[in-house]
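Q: Below: one structure in C-alpha cells.
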Amino acid sequence: MSSDHIHPEPTTFLRKHVFSIDHKVIAKQFLWFGLIWLGIGGIMAMMLRWQLANPGVPVPLIGGLLFPRTGGVIDPATYNTLFTMHGTIMIFLGLTPAMIGALGNWCIPLMIGARDMIFPTLNMLSFWAMFLGGAVGFYSLFVPLGATEVGWTGYPTLSTTVGAVGQGETLWAIAVFLIGASSIMGGINYITTVIRLRCPGMTWMRMPLTVWGLFLTSILNVLFIPVIGSAMIILVLDRVFGTSFYVPASIMSGGTGGDPILYQHLFWIFGHPEVYILILPAWGVVCDLLSFFARKPAFGYRTSVGAMVVVTVLSALVYGHHMFTTGLSAMLGESFMLLTMIISVPAEILFFNWLHTLWKGSLRLTTPMLFAMGVIFVFGLGGLTGIYCATIGTDIFLHDTYFIVGHFHLTMAASALFGTFGAIYFWFPKMFGRMMSERLGKLHFWLSFFPLVLVFCIMFISGYAGMPRRYYDHTSAEYLRPLQHLNVATTVSAFLLGVAQFIFVFNFIKSRWWGKTAPQNPWDVGTVDWTIATPVPHYNFKTIPVVRCGPHEFSNPVLGPDTDWIYQTEELPG
Amino acid sequence: MRGISWQGLAVAFGALGLLTSLQTSEDENPHARAPRDVSLVVTEGAWLRAPGADWFAQRAKAEPGRFTHDATAAGGAGGWVDSHGEYSLSEIEGEWAYWQWASAERLTDGRQDFVQFCSSCHGLNGDGYGRSGQHLRPTPRSFQQNKFKFTKVTADLPSDEALLSVIKRGLAGTPMLPWDLSDVQLLDIIQYIKSLSPEESGWRDVYSQVGDAIEVTEDPWTDTKERAIVRGREIYHGAASCHLCHPGYVTNEELRVIRKDPEGTTYRENLTYPALKDSEYEVLGRATKVMPPDFTWHQMRAGTTTADLFQTIASGIKGTAMPQWKGAISDEDLWALAHYVENLIVSYKDQPAARSAFMGGLRVSGDNK
Amino acid sequence: MSMLSTSTPSFAFLRSRWLGCPLALMLTSTWALAQDKRWGPGEPASDYGYRFGELFWLITTLVSVAFALVVVLLIVPMLRDRARPGHRASFDHGKSLHDKRLTAVISIITFIVLDAWVLVIAMKDLREAYWAIPAAKDPQTYKVEVLAQQWAWSFRAAGVDGEFGTPDDILTTNELVVPKDRPVSFNLTSKDVIHSLFLPEMRMKKDLNPGAINLAWFKPVVEGEFSILCAELCGFAHYQMFGKLRVLEQGQFNEWEAEASQLASTAFDADDTEGHWAWDWQE
C-alpha cells in the first residue's frame, strides 16, 4: 500500500512539475496535453470543412502560412493528411489524455480514498510515453511527403509502401504504438489501484460510477491496445523490412502472400472497443453528475454497473459491423449484426436509468449538469443511428458515407467530448482551487450544443443522399454536385461550433489564474474527493478515510429537512 | 548476468534474422516490385531543353521586363536573354539551342510530388512500371522514352505549358485524371519528368525541338458548318485517307466516288472498323500496338470541341501512326476535318439507336462488313 | 476545385487575397443554394433497391419515436423539477423488485421493437437480395470482371462468346454497359489498394480487395445513365475515381455487345500477354 512509503514533497521545479510522480500533477499534465491537441485537431477539422464548402479556395488567415507552395490552397495530399491526423489526434492525443489520462488520474485515487496511484513511476512513464508518441506524430508532419495520408484506420495496402511511400505512415504507426503503450501502462495502473487501494469501507458497490467507468475502460485498454500494437508492428515490418503480411500478390499471379483483411480484423478488434474506451468514462461521469445535480440517487446503480460490464464484455464481439462490405461470409455478417443489436440493450438500460434519475429530482442546471444532459441527447442521437449501421441492409448503402461520419462523431467524439467538458467544469475547483465562470460555461454549452447537433445531423442527410466520406471535393462527380448545399450548411455550423470553443479556452485560462477562489465543496457532493481541502494537499489524505455509505445518498429522508446530502465518510443517521 | 537468458536472446536474434529473410524477392514482373528505400531527394540540378526564339517573343509580351532580345548574342545570330537567369543559350556544332535550368531544390519538390501523385501508375522511376499500371492498356507513359502523345505540338517535345494543359485536363477514358493540383506543383513535377530523359536524348539533347501547343487559327467555317462537314468527309476519305486506319464512314460505292477510283477497286477488309497499328512506344521490351479510335464509339483523349480536334489532327500523335497534318493539308481543310469528326461524335457516340442505324446502313449496302 | 474553377470563373479574383475568402464562403453558399438540390439518394434503379429505402424509413420511424421519448423525458424534468426553495427530490435508488422488473420489461420491449424487428427484415433482405448471388450457369446472368486500380475502374465482360480471356472480351475503363432486367454479377478485385464499388442508384456497394475476389450483384430495372463511385479511401484521387454506368434495353444491348466484341477482337494484340488480364469466373 502506498501508505507505507510516503515520500517527502519534491522541491525542485523539474521533480514537482515536469517529472512528477504525483497523480494530481500528472492529471494536469494530461489535461493540458489533451486540450492543446484537441485545439490542433479542431483547427484541422475547420480546414477540412473549409475545403469541402469552398473546394480550391485558399484557407483564410492561416492558409498562406501553412501551405505557402500552393498559395494557401489545400491540395488533395494535404487534405488526406488533415483528415487522417484529425482522427488520430482527436482520438489518441486529444480525448484519450483529456478523458482517461486526466480524469482517471485525478478521480481514481481521490474518489476511492487513496494517496496516489499504486505505481506512481509507471504513471509518470505513461504520460511521457504519450508525450513521445505525440512528438513522433507531430514530427511526421515535417518529413518529406508529409504525414500519413491514408485515414486514421490506416488500411493496408494503402498504408503499406504500395500506397504510401514516405516515412509519414511508418512514424504514424510508431506514434500509435507509443500512445498504446502509454494507455496500457495507465490501464494496468488504474486497474490495480482500483482493486488494491480502495479505502476501508469503499466496497465495489459504493464506488462512484465515474470510477466504474474508468475501471472498465482500463480493462478494455489492457486487453485490446496490444492488438492494435501488434497490427502496427506488423505494418512497420511490412513497410520497413519488406515482409508481406498485408500485401498479397495480384489475383492474376494467384493472389498468394499476405492479406490486407487481416489488418482490418486486428484493427477493429481494437477499434470497436476503442469506442467504448472513450465512452465508458463519459457514461460513468454522466451517471454521477446526473445524480449529483438532480439531488437524487443514481437510479439503478447496480443495473448501470451491470450494463457497463456487459458492454465491456460484448465490445470486442461486435467489431465485424465495420466490415460488412469487405466480403465477410453471410454467416459472419449475420452473427455480427445480431451481436451488435444485442449490445444496444445495455446502452438502453443506461438511458432508462439516466432518465429515471432526472425524473422527480431537484435539478440544479449548472454547467456540468448541462453537459451531462447534453451527453444524453447527443449519445441518444448517435446510439439510435447506430441501428442503421448495424443493419446490413441499410449499412451496404450507408457504409463509408457521411452517415457514418455523423454517427461516430456523435457517439464517440461529441459524447466523450461533452463528458470531458462536464468533468472539467465539475472538477476544476478541486484541481486548480478556483471556480470557472458559470455564465460563460452555460454560454459555451448552448453555443456548442446547437451547432454540434446541426453539424452531424446534416451529415446524416448527406450520407443518406449517398455522399461518400474522405472526398477532397464533392463537386467533381455529377451525382454528388446537387449535395453541395449540405456541405456548405455543415461547414457553417462547424465554424459556429469552432468559434464557440474559444469561450471555453477564454474561460479556462481566465479562471485558472484569475477565477474566484473555490470553496472546499462548491457542489454539495458527498464523494470522498470533496472531503479534503482545496488545493489538495500532498498525498491527499492525512489519514486514510473510512467510507460508511454510498456516493449518491441525496435527499435521503433520514438526513432531515435541512440538508439533502452527506459525505461518504459519514454514517447515515438512524 | 542474472535475469537475462542467453538462450532467449539467441532465439530473439534468430527470429529477427528469419524476419529479414522473409523479404519478398525481386519479382520478375517490374510492376510488382515492392517499393523500398525510395529516394526522395534530387541532389543535382539539370539543364533541360527549352522552346525556341518564337516562344521567348511571346513570353516577353506576357512578362514585360523579363526577357530582352540581344542582337549580339549567339555569335551575332541574336538571342533572348532572361533576367532571372533561368534560361540560357548554347551552341554545339553551329546549332543554337535554348536551355532551362531546373535547380536541385526544384527537382526535389517535383520528385516528391511525382512520387506522391504519379508514381502509382508511372512508376517510382518514371519508367511506366507502377503497380497500378500493370495490365493497363494503353500503358502509362514511360518518361524515359521521350514520347508524348497528346501534347498537341508539332515539335518533338512539348513546352511546359503544353504538358501542363495535358495534366490539368487529363486523358479522357484512361486513368489519367484531370489533376487538381496548383500550377506551382504541376510545373515542378514537369521539370522532374523532363529530367528523366536519358543522357543525350529528349530534354537533354541539343538537337531536340521543343514547341508550344499549336495555335488555334480562326475557324473559316463558323457560318457554314454544313459545308464544312461535307468538305471534311471528302478530305477524310479522300486527300487525307484517314479511313486507312480509322473506320471509313461511307460505303464502298461512296468511297469510290469520293476517291474517284475506277469501278471495281477494293478497299481494306472491315472498312467500317479501325485497324490496329504499330507504335514506337515500348513496354517490357516490345513495341505496343494502338487502336485508332472509331469516333462514333471510342472516347477522345484530348477533347471533343472543334478547336481541340483541330489541334490534335494538326499536331498528330507522337510515336504512333497518326502523322502531323499541319502543313500537309491546308488549315481550312484541317478545320473541315475537325468539324466532320465533331459531327460524328455529336451525332452517334453513346446514342445506340442512331449509331446502329448509321453504321448498319453502311454495312448492309456495301461489300464492306 | 474543378467545379468552382470551371463554372464560376468570376470568383477567380478572390483567390489572390485572403480578405476575399469570407466573401467567397458567402458567395459559394449562395451558389450552392441556387443549384439543383438533392436531399436523398434518388429513386432506386435496381430490383432490390427499394429494400434500402423501406428499411431506412422503417428504422427512421422507430428511432424517431424512441428519440422523441428521450427528449420528452429530458425536457419535462428540466421544466418541472428545477431546484427551488422548499422543493426536495424524491428519494429512489431504483433497486426494488418492481424497478428491476420495469427495467427488464422495457429492455425486452425496446429490443424487440427497435432491434429484432429490423433484424428479421434485414436477414430476409440479405438472403433474398444482397447475398443471393445469381448462378453463373444461368444464361440470363451478365458477368463482369472488375479490376480496380488507383484511380480507375477496368471492366471486362465476356463478349459474345461468353468466355473470359478470349480476344472478344469487352474491356472498358470507367464505363460499364449492362442490359436492363438481367442480373449483373461481379467478380471484384484490385491491383493495388482496397477500393469499393459503389453504385448509389442501384444501392450496391462492395469492396475490391487486392489478392482476393469478392462477389456482388444487382439487377437494373431502369434504363439510363447512372453513377459509379469509389467508397473506400484509395489515395489522393479517391474523389475522382468515378465512372458511368449505362443500362441499355435488351435489344440495344445485344447490338452494343456484338459491336463492342467485334471492336475488341480488332484491337486484340495476341503477343501482348501482359495486357490480357482475366481469371476463371468464381462463384
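Q: Would you pick out the residues in the stretch A:189-206 that are farther than 17 Å from A:Pro551 by Cα and under 24 Å from the mean Cα position of the chain (by Cα)?
A: Correct list: A:Asn189, A:Tyr190, A:Ile191, A:Thr192, A:Thr193, A:Ile195.
Q: Among the residues of the stretch A:469-491, how many are hydrophobic (A, V, I, L, M, F, W, C) and under 21 Å from A:Asp75 (Cα atoms)?
A: 3
Q: Can you pull out the strands (runs of 3 or more DSSP E) entirely within the stretch C:177-230 that have at least 2 residues that are under 23 Å from C:Trp39 (Cα atoms)?
A: C:195-199, C:204-208, C:224-230
Q: Now for a separate question. If I ask for residues that are small (Gly, Ala, Ser) and farther than 21 Å from A:Val165 by Cα, which ones from the stretch A:231-271 would you list?
A: A:Ser253, A:Gly254, A:Gly255, A:Gly271
Q: Of the residues that make up the stretch C:226-237, is at least one farther than 29 Å from B:Phe114 by Cβ and among the charged types (D, E, K, R)?
A: We begin by selecting, within the stretch C:226-237, every residue farther than 29 Å from B:Phe114 by Cβ; these are C:226-227.
When the remaining residues are screened for being among the charged types (D, E, K, R), the result is none.
Checked against the condition, which is being farther than 29 Å from B:Phe114 by Cβ and among the charged types (D, E, K, R), the stretch C:226-237 yields no hits at all.
Q: Just one of (1) surrounded by 24 or more Cβ atoms within 10 Å (Cβ to Cβ); (2) away from chain C (no Cβ under 14 Å); (3) among the hydroxyl-bearing types (Ser, Thr, Tyr); (4) in contact with a Leu (Cβ under 9 Å, 6 or more places away or on another chain) trips up A:Thr170, so point out which.
A: It is condition (1) that A:Thr170 fails.
Q: Please verify whether B:Val206 is among the hydrophobic types (A, V, I, L, M, F, W, C) and modelled with pLDDT under 90, treating the condition exactly as stated. So that I can check it myself, show each step before the final result.
A: Numbers: among the hydrophobic types (A, V, I, L, M, F, W, C): yes; modelled with pLDDT under 90: yes.
In short, yes.
Q: Kindly indicate which of A:Pro200, A:Pro144 is free of Cβ contacts under 8 Å to residues at least 40 places away in the same chain and away from chain C (no Cβ under 14 Å).
A: Only one candidate qualifies: A:Pro144.
Q: Could you grab me the full set of residues in the stretch B:283-305 that are part of a strand (DSSP E or B) and either hydroxyl-bearing (Ser, Thr, Tyr) or more than 12 Å from every other protein chain (Cβ to nearest Cβ) (or both)?
A: If we filter the stretch B:283-305 for residues that are part of a strand (DSSP E or B), which is where we start, we get B:283, B:286-290.
Correct list: B:Thr288 only.
Q: Filter the stretch B:91-118 for residues that are in contact (Cβ under 8 Å) with a residue 40 or more places away in the chain and within 11 Å of chain C (Cβ to nearest Cβ); which is farthest from C:Cys234 (Cα to Cα)?
A: Filtering first and then ranking leaves B:Asp113.
Q: Filtering the stretch B:230-274 down to residues that are closer than 15 Å to B:Phe358 by Cβ and polar (S, T, N, Q), which residue is surrounded by the fewest Cβ atoms within 10 Å (Cβ to Cβ)?
A: B:Thr251
Q: Still on this structure, I have one more. Residues in the stretch A:250-257: is at least one among the hydrophobic types (A, V, I, L, M, F, W, C) and at pLDDT 90 or above?
A: In the first step, residues of the stretch A:250-257 are kept if they are among the hydrophobic types (A, V, I, L, M, F, W, C); the result is A:251-252.
Filter again for at pLDDT 90 or above, leaving none.
No: zero hits.
Q: Quick one: count up the residues across the stretch C:136-157 that are of a type in the set (Asp, Glu) and surrounded by 16 or more Cβ atoms within 10 Å (Cβ to Cβ).
A: Just the residues of the stretch C:136-157 that are of a type in the set (Asp, Glu), to begin with: C:138, C:145.
This time we only want the ones that are surrounded by 16 or more Cβ atoms within 10 Å (Cβ to Cβ), so: C:145.
Residues in the stretch C:136-157 being of a type in the set (Asp, Glu) and surrounded by 16 or more Cβ atoms within 10 Å (Cβ to Cβ): 1 in total.
Q: Taking into account only those residues within the stretch C:110-135 that are loosely packed, with under 13 Cβ neighbours inside 10 Å and more than 10 Å from chain A (Cβ to nearest Cβ), which is nearest to C:Leu55 (Cα to Cα)?
A: Among those residues, the one meeting the criterion is C:Val120.
Q: Follow-up question, since we're still on this one. Mind checking whether some residue in the stretch C:256-270 is part of a loop (DSSP other than H, G, I, E, B), at the interface with chain A (Cβ under 7 Å from one of its Cβ atoms) and not acidic (Asp, Glu)?
A: Scanning the stretch C:256-270 turns up no residue that is part of a loop (DSSP other than H, G, I, E, B), at the interface with chain A (Cβ under 7 Å from one of its Cβ atoms) and not acidic (Asp, Glu).
Q: Right, something else. Is it the case, given these coordinates, that B:Gly75 is away from chain A (no Cβ under 14 Å) and either surrounded by fewer than 16 Cβ atoms within 10 Å (Cβ to Cβ) or hydroxyl-bearing (Ser, Thr, Tyr) (or both)?
A: yes
Q: Only one of these is of a type in the set (A, V, I, L, M) and either surrounded by fewer than 21 Cβ atoms within 10 Å (Cβ to Cβ) or free of Cβ contacts under 8 Å to residues at least 40 places away in the same chain (or both): A:Met85, A:Met47. Name it. Write out each step before concluding.
A: Details: A:Met85 fails: either surrounded by fewer than 21 Cβ atoms within 10 Å (Cβ to Cβ) or free of Cβ contacts under 8 Å to residues at least 40 places away in the same chain (or both).
Going through A:Met85, A:Met47 in turn, just one is of a type in the set (A, V, I, L, M) and either surrounded by fewer than 21 Cβ atoms within 10 Å (Cβ to Cβ) or free of Cβ contacts under 8 Å to residues at least 40 places away in the same chain (or both): A:Met47.
Q: Name the helices (runs of 4 or more DSSP H) wholly inside the stretch A:350-450 in which the number of residues that are under 21 Å from the mean Cα position of the chain (by Cα) is 2 or more.
A: A:367-390, A:402-408, A:415-432
Q: Right, next: Show the residue pairs that are 6+ apart or on different chains and have beta-carbon atoms under 9 Å apart, the first residue being within the stretch B:247-276 and more than 21 Å from B:His298 (Cβ to Cβ) and without any contact (Cβ under 8 Å) to a residue 40 or more places away in the chain, the second being crowded, with 17+ Cβ neighbours inside 10 Å and of a type in the set (Val, Ile, Thr).
A: Within 9 Å, the pairs are B:Val257/B:Val250; B:Ile258/B:Val250.
Q: Next question. Among the numbered criteria (1) more than 30 Å from A:Ser159 (Cβ to Cβ); (2) at pLDDT 90 or above; (3) within 12 Å of another protein chain (Cβ to nearest Cβ), which single criterion is violated by C:Ser154?
A: (1)
Q: Does A:Trp283 satisfy the criteria of being buried (at least 24 other Cβ atoms within 10 Å of the Cβ), within 26 Å of C:Thr60 (Cβ to Cβ) and more than 12 Å from chain C (Cβ to nearest Cβ)?
A: So A:Trp283 fits the description; yes.
Q: Same structure again: Here is a list of conditions, (1) modelled with pLDDT under 95; (2) within 14 Å of chain C (Cβ to nearest Cβ), and A:Ser291 meets all of them except one; can you say which number that is?
A: Every listed condition holds for A:Ser291 apart from (1).
Q: Residues that are of a type in the set (D, E, K, R), surrounded by 21 or more Cβ atoms within 10 Å (Cβ to Cβ) and over 30 Å from C:Lys95 (Cβ atoms): does the stretch A:386-396 have at least one?
A: Checked the stretch A:386-396: at least one residue is of a type in the set (D, E, K, R), surrounded by 21 or more Cβ atoms within 10 Å (Cβ to Cβ) and over 30 Å from C:Lys95 (Cβ atoms).
Q: Right, next: Determine whether the stretch C:238-249 contains at least one residue that is free of Cβ contacts under 8 Å to residues at least 12 places away in the same chain and within 14 Å of chain A (Cβ to nearest Cβ).
A: Within the stretch C:238-249 (the criterion being free of Cβ contacts under 8 Å to residues at least 12 places away in the same chain and within 14 Å of chain A (Cβ to nearest Cβ)), the answer is yes, since at least one residue qualifies.
Q: Right, another one. Suppose we filter C:Leu233, C:Leu215, C:Leu197, C:Leu229 for residues that are surrounded by 24 or more Cβ atoms within 10 Å (Cβ to Cβ), touching a residue at least 12 places away in the same chain (Cβ under 8 Å), at the interface with chain A (Cβ under 9 Å from one of its Cβ atoms) and not small (Gly, Ala, Ser); which single one remains?
A: Every option except C:Leu229 fails the conditions.
Q: I would also like to ask the following. Give the residue, chosen from B:Met322, B:Met359, that is touching a residue at least 12 places away in the same chain (Cβ under 8 Å), surrounded by 18 or more Cβ atoms within 10 Å (Cβ to Cβ), part of a loop (DSSP other than H, G, I, E, B) and among the aliphatic types (A, V, I, L, M).
A: On the way: B:Met359 fails: part of a loop (DSSP other than H, G, I, E, B).
The conditions single out B:Met322.
The values are calculated or read from the model by the stated rules, or taken from the named source; none is laboratory data. All of these numbers come straight from a predicted model, not from anything done at the bench. Quick reminder, even Gly has a Cβ in these numbers, built from the backbone with ideal geometry, and neighbours come from all protein chains shown.
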